[in-house]
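In what follows, a single structure is set out as structure tokens and then discussed.
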Amino acid sequence: MTVPVFRFAPSPNGHLHLGHAYSALLNRQMASETGGRLLLRMEDIDRERCTPELERSMLEDLYWIGFEWEQPVRRQSEHFAVYRQALDRLIGMDLVYPAFLSRGGIKHQIEKLGGNQSSWPRDPDGALLYPPTDRQLSTRERERRIGEGEPFSWRLNMDRVLEQIGEALFWSETAPEKHIVEARPRDWGDVIIARKDMPTSYHLSVVIDDALQGITHVVRGKDLFHATSVHRLLQRIFDIEPPVYHHHALILDYDGEKLSKSRKDTSLRSLRQEGVTRQEIHALVGL
């Protein structure tokens with residue numbers, strides 16, 4: 001019988017808040033109920049915003065709320081070579097292309113194509129879908145622009161990938177109850193997979209890490225529900241068995257908005273300094 005494997009995977013680019021506490025403790029609870037393992041991963045590919053000081057603060061907060069995990073902690077910043085191998089596979093399969101447009105360039109290109117921002121399709125996060133211009137560049141033109149040092153990202157050629165797969169994709173979801181969800185990767189258009197100076201993205205690294213760590217259950221906030229469609233697509237490309245997903249409700253602020261790492265009043269560090277106890281944190285998040 002396969003032992004369930006759970007993981008909590010924060011980004012050390014700010015202080016943990018009550019929403020993180022809920023997600024971490026829910027992972028702990030579900031791992032305990034199923035006799036599973038519990039891992040901790042630092043998703044720190046953004047080396048400018050993610051710092052050792054913030055990671056140490058996160059570890060202190062996690063110890064404080066009673067979250068315990070297996071050692072060692074996996075840090076994504078230590079595995080760029082692994083992600084580069086995955087990116088090279090996508091390049092070799094001709095499923096990605098160098099995309100040169102900045103955010104401003106995307107808007108300008110949309111206007112050149114006769115569209116406007118109000119009617120142009122957007123991804124589930126609200127960003128304008130990438131126009132098809134760079135797909136159509138010749139290999140010579142791409143090499144010239146890269147050779148001249150022009151900034152670019154690697155984007156997935158969504159039409160080509162879906163044409164090759166030729167089948168619908170699904171995942172198993174357990175929130176609020178167990179059911180099957182059909183993935184909708186096309187909603188994301190030609191999503192970014194890696195950047196010139198960083199051979200990965202959140203989507204690529206999380207899929208590769210979950211596979212390498214043998215994660216069987218992904219428990220995370222419902223704000224990442226739609227991103228699972230991209231992850232399911234990458235799993236199919238790399239022939240990875242998908243985990244079971246549980247996208248839990250978010251803890252919101254007084255205005256009904258998602259909690260932010262920039263808000264000090266809900267950070268675990270601030271609450272701890274104010275004398276709030278571990279038990280009170282558990283009560284606040286309902287666990």
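Read-outs: derived from the displayed coordinates by stated rules, not from any lab. It should be emphasised that the depicted structure is a prediction, and the values quoted were computed from it without experimental measurement. FYI the Cβ positions are ideal-geometry reconstructions off the backbone, even for glycines, and counts take in every protein chain you see.
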Hey, could you get me the Stokes-Einstein D for the range 208-287, Kirkwood radius over alpha-carbon pairs, 4 °C and 1.567 mPa s, rounded to whole µm² s⁻¹? 85
Taking the chain as a Gaussian network, Cα atoms linked when under 10 Å apart, which of 45, 193, 180 shows the biggest mean-square fluctuation? 180
The chain, helix-only ellipticity at 222 nm - DSSP H runs n ≥ 4, -39,500 (n - 2.57), divided by all residues, nearest 500: -11000 deg cm²/dmol
Magnitude of the charge dipole, the chain, Cβ model with Lys/Arg +1 and Asp/Glu -1, debye to 20: 360
Nearby aspartates and glutamates by direct alpha-carbon distance to residue 107 (threshold 18 angstrom, same-chain neighbours under 8 apart not counted): 123, 125, 134, 190
Over the chain, what is the relative contact order in whole percent, taking alpha-carbon pairs under 8 Å and six or more residues apart? 25
Over the range 147-287, what is the relative contact order in whole percent, taking alpha-carbon pairs under 8 Å and six or more residues apart? 23
Taking 6, 67, 80 and counting other C-beta atoms within 10 Å, the order from fewest to most: 80, 67, 6
Taking the chain as the reference, fit the longest principal axis to its C-alpha atoms, fit the long axis of helix 80-92 to the helix C-alpha atoms, and give the angle between the two in degrees, 0 to 90, nearest 10. 30
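Expressed in nm², what is the orientationally averaged projection area of the convex hull enclosing the Cα positions of the range 103-165?
Computed as one quarter of the Cα hull surface, the answer is 5.5 nm².
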Any idea what the relative contact order of the range 1-152 is, in percent, if you count C-alpha pairs under 8 Å spaced at least 6 apart? 19
Set the Förster radius R0 to 41 Å, insert the Cβ-Cβ distance between residue 249 and residue 78 as r into 1/(1 + (r/R0)^6), and round the FRET efficiency to 0.05. 0.80
